[in-house]
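Down below is the structure, laid out as structure tokens.
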Amino acid sequence: MRALPAAALSASFLLFASTGVRAQEAENASPPAPVFEFHSGFWVNLHHFLYLQGRIRQGSLAGVRAEVGIPSPYRALASTEGLTAEQQHAWRAAVEVYAQSWSSRDLLLNNQMVLINDRLAELEDCPDLAGKNAAQCTSGIVPDLVAALDQAAPIYRQRWWPEQDRSNRAWIAAMTPLLRNGGAELAGGLAEIYQSRWPLRIHVDVVYYAGPQGAYASLAPHHLTIATALSRNQNTTGFETLFYESSRTVGGAVEQAIERECRRLQKPIPRDLWNAVLLYTTRDRIGRPGSGAQPRADAVSRSLQRGNGNNLRDRGWGDYQPLLEQYWQPYLDGRIEMDTAVAHLINAI
């Protein structure tokens, strides 16, 4: 597990279902306490901001404007007005590196991008990535990417980072009471549904932009990246997104059951079905009266009922809603087994 950097903003939440547990009791407790380590890391934020600027520079601006993950001030190239000619040249050169080599790669599905994100998370306290000031900061990342990041760093730190860092810190502060009130119960309920154990620690990088979906999670190590400026990631829906994305760390049994049943029936694996199951399940657990997983029951219920950009329909998975209600809900209610629910789902598609 990564050590917590001294200078970075790191908020860790040990969320036990009860208080005053001794070490041995905590070790044997069920469910285990989820710990989210929140970071507003400079290099991870710069990387994602340049990734966005590169996408716009590529000429895919029309597609970028339509993305739900893009805050409205940044649906066009960030203005360099007021920068010196030298700074403008350096910034545009860094954006061009991303546009030519990196911004066309998927942040989650491209393994190299995942490794880069993980490595930048480890180096968030470093003054540079080439190891010029400290040998331990030699990143080992592709040289042209390191050069672009180091070149852009002083400009980003001066121009955009203060505002984005403030936004990140405010998001973490808003999430804290929701996690303290309902995090442990929700993590335990989800782990039980997925027949797994919740991770003891998940590194969460809060960034201004986190790709088209506004959040993504990788598993080795457990690492979640979430956009704090996205409207559907605020307050109770942000709490929901946090646990929906984190469910990928424990929901593997469902994914395997879907693949197994599709192979048995010689059917293609339905696109995004696993994602739809995870989101539907998270929303079901949060919305249950008296479950203990509701940070604010009334507010959560209202947010679940209205279109908030975080439901199945808004994500393009609306066709799965009636099937999940008919065939997956009985499993969530404890009336049938997981494999039976999955078999019914696949047969119905």
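Summary of computed values
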{"quantity": "Contact order relative to length of segment 71-153, as percent, for alpha carbon pairs under 8 angstrom and 6 or more apart", "calculated": "29 percent"}
{"quantity": "In segment 130-230, GluC sites (Glu not before Pro) in a DSSP loop with at most 16 other beta-carbon atoms within 10 Å", "calculated": "none"}
{"quantity": "Segment 132-285 - convex hull of the alpha-carbon atoms, volume per residue in Å³", "calculated": "162 Å³"}
{"quantity": "D_trans [Stokes-Einstein, Kirkwood Rh over alpha-carbon pairs] for segment 63-199, 4 °C, 1.567 mPa s, µm² s⁻¹", "calculated": "71 µm²/s"}
{"quantity": "Solvent-accessible area per residue for segment 209-260 (1.4 angstrom probe, square angstrom)", "calculated": "26 Å²"}
{"quantity": "Whole-number accessible area per residue in Å² for segment 110-176, which is evaluated in the context of all protein chains at 1.4 Å", "calculated": "45 Å²"}
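The values are calculated or read from the model by the stated rules, or taken from the named source; none is laboratory data. Since this is a predicted model, take the numbers as computed values, not measurements. Note that each Cβ is placed from the backbone with ideal geometry, even for glycine, and that neighbours are counted across all protein chains shown. Heads up: the accessible areas ignore ligands, DNA and RNA and are worked out on the full protein's heavy atoms, side chains in. Shrake-Rupley method; radii C 1.70, N 1.55, O 1.52, S 1.80 Å.
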